[in-house]
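Below you'll find the structure, written out as structure tokens, and then a few comments.
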Amino acid sequence: MALSRGATIMVLGFSILTSAFGAKREFSATDVSMISAFVEDVMQCRHIPGLTLSVVSSGRVLLERGFGFADVESKRRVDTKTLFPIASTTKSFTVTLLAMLLEESRFDWDTPLRTILGEEFVLYTSELTEKTTLRDLLVHRTGLPGYFVSLLSGFTESFDRKQLIR
């Protein structure tokens, strides 16, 4: 999967910041100022209205700050409690956690789901039920139907296109 130019800039920038500040236990005011300036530059360049940044090391929060606006129209600022819909970002969390669990188990990416979940696990055909693996699910090659994403995001079917866009 190719990264967009903005995502590449963010990844490279945060990689540089991580290597530059990685061994630190605390950030100085100068460090925070440099990190903030970098984030604000990228936000301006990529037209990102708002984000929250947290840097955590060994379970300790080293830096936590909101940038920009949660709602541009009302000028409501992002703070450390602002919630964002993270959507597909959860895929990377899921795969990472699965990898950690698989290292500690007798299963692997190609173990059929039924072996892991038991006889109660059933898909809509017997072949899928018997053969579908973790890898199949994660790379979307099961043939399982998709869902109307906006319904899963908390919208009801009564929302029209204009309401969904807002």
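Picking from Glu64, Glu73, which residue would you name as being within 30 Å of Asp41 (Cβ to Cβ), surrounded by 11 or more Cβ atoms within 10 Å (Cβ to Cβ), out of contact with any helix residue (DSSP H, G or I) (no Cβ under 7 Å at 6 or more places or on another chain) and at pLDDT 85 or above?
Glu64
Here are some conditions: (1) over 18 Å from the mean Cα position of the chain (by Cα); (2) modelled with pLDDT under 90; (3) within 27 Å of Ile48 (Cβ to Cβ). Ser92 meets all but one. Which one does it not meet?
Exception for Ser92: condition (1).
Just a yes or no: is a residue in the range 86-95 part of a helix (DSSP H, G or I) and within 24 Å of Ser36 (Cβ to Cβ)?
Yes.
For the range 60-73, how many residues meet the condition of being part of a loop (DSSP other than H, G, I, E, B) and either outside the structural domain of Val39 (by TED's automatic domain parsing) or among the β-branched types (Val, Ile, Thr) (or both)?
Total satisfying the criteria: 1.
The values are calculated or read from the model by the stated rules, or taken from the named source; none is laboratory data. All values reported here derive from a predicted model rather than from experimental measurement. Ideal geometry is used to build each Cβ from the backbone, glycine not excepted, and the neighbour counts take in all protein chains shown.
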